[in-house]
1. Report the residue count in segment 378-416 for those that are outside any helix (DSSP H, G or I), more than 16 Å from Gly32 (Cβ to Cβ) and more than 23 Å from the chain's Cα centre (by Cα).
2. Would you be able to say whether some residue in segment 288-298 is more than 16 Å from ligand 1 (Cβ to nearest atom), modelled with pLDDT of 95 or more, surrounded by fewer than 24 Cβ atoms within 10 Å (Cβ to Cβ) and more than 19 Å from the chain's Cα centre (by Cα)?
3. Go through segment 213-238 residue by residue and tally those that are outside any loop (DSSP other than H, G, I, E, B) and in contact with a Pro (Cβ under 6 Å, 6 or more places away or on another chain).
4. Which of the helices (runs of 4 or more DSSP H) contained wholly in segment 25-102 include at least 1 residues that are more than 15 Å from Arg263 (Cβ to Cβ) and over 17 Å from the mean Cα position of the chain (by Cα)?
5. Taking segment 184-212 only, how many residues are crowded, with 21+ Cβ neighbours inside 10 Å and either more than 16 Å from ligand 2 (Cβ to nearest atom) or part of a strand (DSSP E or B) (or both)?
6. Given the criterion touching a residue at least 40 places away in the same chain (Cβ under 8 Å), among the β-branched types (Val, Ile, Thr) and away from ligand 1 (no atom under 14 Å from the Cβ), identify the matching residue among Ile266, Ile280.
7. Out of all the residues in segment 270-321, which are hydrophobic (A, V, I, L, M, F, W, C), within 16 Å of ligand 2 (Cβ to nearest atom) and not in a strand (DSSP E or B)?
8. Does Trp103 satisfy the criteria of being within 30 Å of Asn275 (Cβ to Cβ), without any contact (Cβ under 8 Å) to a residue 12 or more places away in the chain and surrounded by fewer than 21 Cβ atoms within 10 Å (Cβ to Cβ)?
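The values are calculated or read from the model by the stated rules, or taken from the named source; none is laboratory data. Computed from a prediction, not measured in an experiment: that's the story for all the values here. Heads up, the Cβs are rebuilt from the backbone with ideal geometry, glycines too, and the neighbour counts pull from every protein chain shown.
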Amino acid sequence: MVGGGGRENALAWALARSSGVERVWVTPGNGGTADLAGCSQLSIAETDGDGLLAVCRAEAIDLVVVGPEAPLAAGLADRLRAAGVPVFGPGADGARLEASKHWAKELMREAGVATAGYWPASSAAEALAVLEAQGRPLVVKADGLAAGKGVTVAETVEEARSAIEAIFAGQGGTAADAALVLEERTHGPEVSVFALCDGERLVLLPPAQDHKRIGEGDTGPNTGGMGAYAPAPLLDSAGLEEVRRQVLEPTLAAMRARGIDYRGVIYAGLMLTPNGPSVIEFNCRFGDPECETLMPLLGPELAQVLLACANGRLDTAPPLTIQPGCSACVIVAAAGYPGPVRSGDLITCPLLPGENLQPFHAGTRRDGDGSCRSSGGRVLAMVAQAGDFDTAFERAYAALQEVHFAGMSYRRDIGHQVRSR
Ligand code: AMP
Ligand code: GLY
């Protein structure tokens, strides 16, 4: 398991519980991954292909799962696959789905997938001319990986103009670095859908609802995600099938037509418009905190399913069982998030992951003396399951009473759409 956030902590936990798994090596992990039953921690950086390959050989690793987008976009999966190691995660070619908004938009157009109208631009002048001609606020998106910070949903033309200028001012000046996409603004509730792909076939996970804003009532700046729940009732099984047929299958087929053998997750960030689901963005990895929310709902076949994806043979995998019930996730953030945060605060969290409650670590680290300290913006993901959302959220919020560190904060209204109390 490559990565060190809450997503990777949850994946490592789920893989270690899967049938047929002897041991999960997590690198670089975080303050929680060493405590997970069946897991061991390494300290190899997620972009260190040589170091990872050496461990794969020394430990006879059967499957590498890559969590974050950056090593995928940098070609880590290609490197390991070329050396014969099965990898769940696309190569650099497929990771362009997330790493280039313009490329993803063109692929969607080619595949006939619904998405907002767009105009690519490689200079400020070009972008400003489009804005001028349209005469209304457009959504401004930096083309490359921006860790969730590259998008401005402008309310006014002036705000869109400032966002365009900021993108070009902040870049080194080369056109490729500074490319952006202007988009038509669409409206509707958002939902995240994840497909596990083997290059040709795919398996869908239950839809999840993220809460991107820092503040209660969905206000304030965007974050990586402050909480989530699944299955999101916004998309029932018929809606999910529509997404499979109209979005995911055509996207995977269009990649195949370009010679891309996509073995990993396609994460579709969708907006449910009056005209049907429209793709806001694709990512080449699991969402965080959607992953933490979903993992406890997945059956013990997970490791076999991911291995089958890595081998291009999803047809040979057992069906992935999905537990009935509701999963709730509340993120605990450090003081200052989503701006610059203070690190190093001592954390007390006496809970260990078990049935129906998983306190997954995110930005945490261990000191030499074994104490756990904050080391990032999103520090913990408290995840709980129950037969209904009210009980699941009550369980997560009750467990948060046992977590303490200076400056910690969390939203009390996660899941407001599905809670009655
Ligand atoms: P991203 O950083 O790509 O996840 O985008 C951040 C957020 O911007 C999305 O979750 C949407 O809420 C919003 N957004 C992106 N594109 C559009 C669009 N075309 N119309 C309306 N909102 C958008
Ligand atoms: N939770 C949104 C993301 O992972 O991009």
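1. Matching residues across segment 378-416 total 6.
2. no
3. Within segment 213-238, residues that are outside any loop (DSSP other than H, G, I, E, B) and in contact with a Pro (Cβ under 6 Å, 6 or more places away or on another chain) number 4.
4. Helices (runs of 4 or more DSSP H) meeting the threshold: 49-58.
5. Here the count works out to 12.
6. Ile266
7. The answer is Cys284, Phe286, Cys291, Leu294, Met295.
8. Here the answer is yes, as Trp103 does meet what is asked.
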